[in-house]
Amino acid sequence: MKLAELVAELDAYFRIPDVRDDDWSEAFDRVYPAPYWREYVVSGWEGCWNGLAVRGAEDVERAVTCVFPSDRIVETLAPATFLFAEHPLDFADEHGFLPLSLETYEAMRENGISFYNAHAPLDMHPDVSPSRLCAEGVGLEVLEEYFPICQGIPGGAAIIGQSRLSVEGLADALRSYLGPEIKVHVLTRPRAEAGRVAMVAGGGATVELLEASLERGCQTYVTGNAATTCRLDFVQEQVRAFRERADAAGVTLIDAMHYGMEKPPQLAMVEWFRARGLKAAFEPDGPK
């Protein structure tokens with residue numbers, strides 16, 4: 001498949017040209033010792049922070065999806081591979097975001113590897129958002145979408161709905177849906193029944209997101225970083241405030257890992273690529 005055709009389809013599917021305010025500049029400034037990445041990314045990608053970041057071979061041989069791009073993943077890729085990820089940076093729960101090395105950018109250029117990411121437009125997508133897929137995967141009913149995390153496109157990054165399961169039953173349903181590699185922990189259990197469940201995939205342990213969920217009747221809150229071991233002080237402060245507010249509100253908390261809750265869209269995108277005639281696979285790179 002031609003790279004230009006594939007990028008055009010993805011841009012339309014995720015409405016990339018319309019995305020505003022999905023800003024990664026602070027994260028890039030924080031993690032890169034020098035801005036060498038600017039020599040390799042497509043003109044116009046910086047600023048939108050979504051879409052085709054690195055242009056590879058004009059004839060795409062295969063697609064690989066992942067949650068977080070990393071030096072480890074790029075090292076495994078064959079020439080003329082199209083790498084699709086949600087995030088533009090690697091993520092290690094203990095350390096926080098990590099850069100792609102200069103050697104990785106050079107390898108992508110030398111081997112004709114393209115790199116495409118969709119962050120906010122994936123989180124807010126009507127079909128493949130991680131919160132929606134997780135909510136549907138555990139059988140939540142009467143779903144409501146809320147909390148946009150960028151401007152220019154419709155939708156929200158969080159989903160709330162009703163569960164008929166107990167808290168333990170909901171946790172078991174998450175384990176079954178996400179797979180055995182994903183650790184699911186019930187962190188607090190103020191009631192037996194899950195009730196009205198907010199599904200906030202990824203790094204959703206913030207007071208702002210919790211308040212928006214409480215306004216919608218949230219009784220159980222499922223996210224991916226309520227049990228984070230990230231060393232960054234601001235992350236720990238954010239999660240500490242979130243946990244205190246959840247305890248005060250009597251909300252049940254379930255953690256299903258940042259990587260774990262954002263894996264389902266990458267599996268869905270494998271099928272998206274295959275439907276366009278490309279060989280495609282998901283590259284797992286989760287908890288060790």
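No value in this document is a laboratory result; all are computed from the given coordinates. Fair warning: this is a prediction, and the values are worked out from it, not measured in the lab. Don't worry about glycine lacking a Cβ; one is built from the backbone with ideal geometry, like all the others, and counts go over all protein chains shown.
Considering only C66, C218, C48, the Gaussian network model of the chain with Cα springs below 10 Å gives its largest mean-square fluctuation to C48. When every Cα-Cα distance of region 123-194 is counted in 5 angstrom steps from zero, the calculated P(r) takes the values 3, 16, 22, 22, 19, 11, 5, 1, 0 percent.
Each residue, R231 and D23, gets one label point 7 Å from its Cα in the Cβ direction; the gap between the two is 2.7 nm. Once the Cα atoms are used to define both axes, helix 258-274 deviates from the longest principal axis of the chain by about 50 degrees.
Give the residues of region 220-238 whose amide nitrogen is closer than 14 Å to a point set 7 Å from the Cα of V186 in the direction of its Cβ. Within reach of a label on V186: 220-222. Relative protection proxy for 126-136, 243-253, from highest mean packing down: 126-136, 243-253 (other beta-carbon atoms within 10 angstrom). Between amide H atoms placed 1.01 Å from N, distances below 5 Å from A194 occur with L165, S166, V167, all of them 5 or more places distant or on a separate chain.
How long are the semi-axes of the equivalent ellipsoid of the chain, taking √(5λ) for every eigenvalue λ of the Cα gyration tensor, in whole Å from largest down? Spell out each step's value before the answer.
Values: eigenvalues 212, 79, 58 Å².
So the equivalent ellipsoid measures 33, 20, 17 Å along its semi-axes.
Computed from Cα atoms, the angle from the helix 233-249 axis to the main principal axis of the chain rounds to 30 degrees.
Please work out the ratio of the alpha-carbon Rg of region 3-122 to 2.2 N^0.38 Å and round it to two decimals.
It is 0.98.
Residues with beta-carbon under 13 Å from that of Y32, excluding Y32: net charge, scoring Lys, Arg +1 and Asp, Glu -1?
Charge balance near Y32 sits at -3.
Each part reduced to its alpha carbon centroid, region 257-288 and region 1-77 end up 16 Å apart. Across the chain, the mean sequence separation of Cα contacts (distance under 8 Å, 6 or more residues apart), normalised by length, yields a relative contact order of 19 percent. Each principal axis of the Cα cloud of region 127-280 was taken in turn, and the coordinate range along them, longest first, works out to 51, 35, 31 Å.
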